[in-house]
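Undergrad: Can you keep this structure in mind? I'll have questions shortly.
Computed from the coordinates by the stated procedures, all read-outs in this text should not be read as laboratory data. Computed from a prediction, not measured in an experiment: that's the story for all the values here. FYI the Cβ positions are ideal-geometry reconstructions off the backbone, even for glycines, and counts take in every protein chain you see.
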């Protein structure tokens, strides 16, 4: 039964102001180091943690709701690899990058990079359009090379990830059912303006559900819960109180500690 400690950084887009991609990656670099310090301090209390997570919400890299370019996306990847290398033992769920591709006919995609030890271990593409970028082009997804598989195995635990509308439509749960797979140890839900709701939570019994929201509507949501059972197909989730929560110059840091 591994011990999991997680740090969620939540903020409103207003707090980030008009910061461009460079400004946002710089802010992420600084907050990632702060998160690693706090995770290490919390980890000294009690048994050694098996898993440490730092989770960033959806749309973090998209100032004012604007799209980035495909070349910007690759530049962000390189910066994220450097940030991950500076916190090598922490799994970084780096929010999402919404980007456009094309000139005359624009495709819009949103991808969540998941990193460990300075390497991108997973690129998960959002499957369902939430309508945010419809005016900018045609929403697309990707499924090649595992980019549509909402599961990853890292540090000895299985992690499922849903991005905003994908959670509402139970993408991960449907994928697991269709392929006869076991429920993951941890189910992470990153979103832009999605209210906390455990109705679609799908970790195994005893597993951790973790929600990290950008707070675009002022919610500043960072919530967690442990699954105690299932009522049919719906999880029964007991809220997990934060181990620590405090205000940063840009947003709020919330830490959770659980043995799963």
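Undergrad: I need the peptides 225-238, 106-119 ranked by packing, meaning the mean over residues of other C-beta atoms within 10 angstrom, with the highest value on top.
TA: Result, highest mean Cβ count within 10 Å first: 106-119, 225-238.
Undergrad: Follow-up. Relative contact order for the chain: what is it in percent, counting Cα pairs under 8 Å that are at least 6 residues apart?
TA: So the answer I get is 20 percent.
Undergrad: Here's a follow-up. Taking square-rooted eigenvalues a ≥ b ≥ c of the alpha carbon gyration tensor, is the chain rounded, prolate or oblate, where a/c under 1.5 means rounded and, failing that, a/b exceeding b/c means prolate?
TA: oblate
Undergrad: Here is a follow-up. How do the peptides 201-209, 24-32, 158-166 rank, highest first, by the average count of neighbouring beta carbon atoms within 10 Å per residue?
TA: Peptide ranking by packing, descending: 158-166, 201-209, 24-32.
Undergrad: Could you calculate the FRET efficiency of residue 123 with residue 259 from 1/(1 + (r/R0)^6), where r is the beta carbon distance between them and R0 is 25 Å, rounded to 0.05?
TA: Details: r = 30 Å, r/R0 = 1.20.
Once rounded, the FRET efficiency stands at 0.25.
Undergrad: Here's something else I'd like to know. Working out 0.36 nm times the residue gap between residue 78 and residue 233, then minus their Cα-Cα distance, what length gain in nm do you get to one decimal?
TA: 51.8 nm
Undergrad: Let me ask you something else. Can you give the relative contact order of segment 109-260 as a percent, counting alpha carbon pairs under 8 Å and 6+ residues apart? The partial results should precede the final answer.
TA: Working: 292 pairs, mean separation 19.6, N = 152.
The normalised contact order for segment 109-260 reaches 13 percent.
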